[in-house]
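In what follows, a single structure is set out as structure tokens and then discussed.
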Amino acid sequence: MPGYNKTVEFDASVEATFTAITSGVVKWWTTGSGDASELGVVFTTRFGETYNHIKVASLIPNTLVEWDILEHYHANETLTRDDEWTGTRILWNLTKIDGNRTRLEFTHEGLIESMECWEICEEGWNFFLLESLKSYLEKGEGKPFQHEQ
């Protein structure tokens with residue numbers, strides 16, 4: 001299925017990367033997130049009024065994480081649709097490379113260029129993957145969205 005794709009390499013182990021994606025989401029994506037470390041769990045991510053209910057569909061330690069977006073609400077006045085992520089899937093494929101480095105092949109299946117939110121979402125994923133997650137894994141400090149509780 002087509003979607004947003006990004007390959008990123010980190011100076012971090014596959015174990016650390018897997019942990020960041022599953023139980024460390026609050027450290028690099030949004031402080032308004034639940035834990036994604038158990039197969040079958042439904043967790044919520046919040047970005048102000050915007051939220052996602054996400055099911056952990058697959059967990060293969062240090063190799064693969066799959067999330068199904070069960071419900072999405074995108075609070076943005078410029079969009080006529082607020083649920084474009086509903087029914088999409090996020091895939092995290094991890095590969096150990098030379099020593100203590102990891103290659104992440106990230107795909108958000110169903111997030112396509114014809115969607116109204118494409119530019120906003122592409123910019124968001126680029127930031128969270130290339131800047132926040134990378135910084136968290138390599139320097140110990142991510143740049144997550146600061147959700148007010």
Quiz item: Label point 7 Å out from Thr95 along Cα-to-Cβ: which residues of the range 1-32 have amide N under 12 Å?
Solution: 7-9
Practice problem: Calculate, for the chain, the solvent-accessible area per residue in square angstrom, rolling a 1.4 angstrom probe over the heavy atoms of the protein chains. | Solution: 51
Self-check item: Chain lengthening between Glu123 and Leu70 when straightened (0.36 nm per residue, less Cα-Cα)
Solution: 16.9 nm
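Send over the per residue convex hull volume for the chain, Cα only, as a whole number of Å³.
Working: hull volume 14.4 nm³, N = 149.
Value for the chain: 97 Å³ per residue.
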Quiz prompt | Helix 118-127 vs. the chain, principal-axis angle (Cα, 0 to 90°, nearest 10) | solution = 30
Quiz item: Which log10 I(q)/I(0) values, to two decimals, does the range 69-119 give at q = 0.14, 0.21 Å⁻¹ under the Debye formula with one point per Cα?
Solution: -0.49, -0.77
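Using Cα-Cα distances under 8 Å and only pairs 6 or more residues apart, what relative contact order does the range 28-149 have, in percent? Intermediate values should be presented prior to the final figure.
Working: 235 pairs, mean separation 29.3, N = 122.
Relative contact order comes out at 24 percent.
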Quiz item: Using a basic spin-label model with each label point 7 Å from the Cα along Cα→Cβ, how many nm lie between Leu130 and His53?
Solution: 3.4
Quiz prompt | Prolate/oblate/rounded call for the range 4-59, Cα gyration tensor, a/c under 1.5 rounded | solution = prolate
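How much of the accessible area of the chain, probe 1.4 Å, is carbon plus sulfur, in whole percent? It would help to have the intermediate numbers written out before the result.
Working: 3460 of 7540 Å².
C and S atoms contribute 46 percent here.
What is the packing order of peptides 136-142, 16-22, taking the mean over residues of other C-beta atoms within 10 Å and listing the highest first? Don't skip to the answer; put the middle values down first.
Working: 136-142: 15.1, 16-22: 20.7.
Packing proxy ranking, top to bottom: 16-22, 136-142.
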Exercise. Taking a cut-off of 23 Å between Cα atoms, list the lysines near Lys96, but don't count ones fewer than 8 places away on the same chain.
Key: Lys6, Lys27, Lys134, Lys139
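The values are calculated or read from the model by the stated rules, or taken from the named source; none is laboratory data. The structure presented is a predicted model; accordingly, all values stated were derived computationally and were not measured. FYI the Cβ positions are ideal-geometry reconstructions off the backbone, even for glycines, and counts take in every protein chain you see. The area values use the complete protein model at the heavy-atom level, side chains included, leaving out ligands, DNA and RNA. Shrake-Rupley method; radii C 1.70, N 1.55, O 1.52, S 1.80 Å.
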